[in-house]
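The values are calculated or read from the model by the stated rules, or taken from the named source; none is laboratory data. Predicted model only: the values in this text are computed from it and were never measured. Cβ sites come from the backbone with ideal geometry, for glycine too, and all protein chains shown count toward neighbours. With ligands, DNA and RNA removed, areas are computed over all heavy atoms of the protein, side chains included. Shrake-Rupley method; radii C 1.70, N 1.55, O 1.52, S 1.80 Å.
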Amino acid sequence: QSALTQPASVSGSPGQSITISCTGSSSSDADTYKYVSWYQHHPGKAPKLMIYDVTIRPSGVPNRFSGSKSGSTASLTISGLQAEDEADYYCISCSSSISTSSPVLFGGGTKLTVL
Amino acid sequence: EVQLVQSGAEVKKPGESLKISCKGSGYSFSNYWIVWVRQMPGRGLEWMGVIYLADSDTIYSPSFQGQVTISADKSISTAYLQWSSLKASDTAMYYCARGSSGYRWFDPWGQGTLVTVSS
């Protein structure tokens with residue numbers, strides 16, 4: 001199965017909002033790979049879960065972070081950008097089908113720069 | 001506190017074997033999946049495979065099938081990633097993470113193990 005497609009980079013100024021997209025390769029992927037999660041990764045640190053099951057924010061994650069999905073494209077939106085949000089962001093999708101040979105797909109990652 | 005602690009950095013020569021570990025604590029280890037993830041220098045995260053600790057059921061990414069072996073010892077709450085013959089291209093940071101609701105999402109993550117393969 002193909003990987004998920006993310007923009008290589010996005011940027012925004014403090015206080016602004018940005019959206020990072022995560023697109024599957026075909027419409028069939030949207031039905032099969034319906035569990036989407038998002039991770040923040042600061043270089044040299046462990047990745048951190050920010051959103052799971054498309055829209056759910058774990059305890060402790062600021063409500064500035066939100067997730068959504070339309071068709072085969074999932075999105076992570078960060079509102080009220082802060083300097084500490086500068087990091088790499090990855091989407092990961094899990095298949096609801098046990099028969100697929102690749103039940104987990106990773107996005108290529110998006111580097112967020114806070115200007 | 002739920003946490004995964006990985007073994008320390010390794011420096012190896014091409015052709016050598018290696019086994020790195022990921023030890024869980026603070027939860028019932030056997031009831032969860034563990035994922036292994038590679039990050040090569042300057043590159044993104046790549047899924048290598050997942051293992052279910054209760055019965056060691058393992059699913060490999062097609063990209064890593066036959067290249068590595070994922071295993072676990074539930075008696076000591078530890079998952080492993082091993083190579084029989086390292087290559088320079090195996091130089092990377094390797095992370096483990098706990099899967100939840102199967103492997104619908106991954107949390108927490110280990111701190112990472114840096115593997116350097118150089119002659």
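Looking at segment A:2-95, what strands (runs of 3 or more DSSP E) fall wholly within it and have at least 1 residues that are open to solvent by 40 Å² or more (accessible area, probe 1.4 Å)?
Passing ranges, in order: A:9-12, A:18-23, A:35-41, A:48-51, A:65-70, A:73-78.
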In segment B:46-60, residue nearest to B:SER100 (Cα to Cα) [restricted to those that are within 14 Å of chain A (Cβ to nearest Cβ) and open to solvent by 10 Å² or more (accessible area, probe 1.4 Å)]: B:TYR52
Failed item in (1) closer than 14 Å to B:TYR95 by Cβ; (2) under 14 Å from the mean Cα position of the chain (by Cα), with B:THR69 passing the rest: (1)
Single condition A:SER101 does not satisfy, out of (1) within 13 Å of chain B (Cβ to nearest Cβ); (2) assigned to a loop (DSSP other than H, G, I, E, B); (3) modelled with pLDDT of 90 or more: (3)
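Evaluate segment B:68-88: report whether one residue or more is at positive phi and of a type outside the set (Ser, Thr, Tyr). First the steps, then the outcome.
First, pick out the residues of segment B:68-88 that are at positive phi: B:77.
From the residues that got through so far, the ones that are of a type outside the set (Ser, Thr, Tyr) too are none.
The answer is no; no qualifying residue exists.
Does A:LEU76 fit the bill of being in contact with a Gly (Cβ under 6 Å, 6 or more places away or on another chain), more than 21 Å from B:ALA97 (Cβ to Cβ), in contact (Cβ under 8 Å) with a residue 12 or more places away in the chain and of a type outside the set (S, T, N, Q)?
Numbers: in contact with a Gly (Cβ under 6 Å, 6 or more places away or on another chain): yes; more than 21 Å from B:ALA97 (Cβ to Cβ): no; in contact (Cβ under 8 Å) with a residue 12 or more places away in the chain: yes; of a type outside the set (S, T, N, Q): yes.
Answer is no for this residue.
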Total residues in segment B:63-119, condition in a strand (DSSP E or B) and out of contact with any strand residue (DSSP E or B) (no Cβ under 8 Å at 6 or more places or on another chain): 0
Scope segment B:14-45; condition assigned to a strand (DSSP E or B), open to solvent by 60 Å² or more (accessible area, probe 1.4 Å) and over 22 Å from A:LYS45 (Cβ atoms); matching residues: B:LYS19
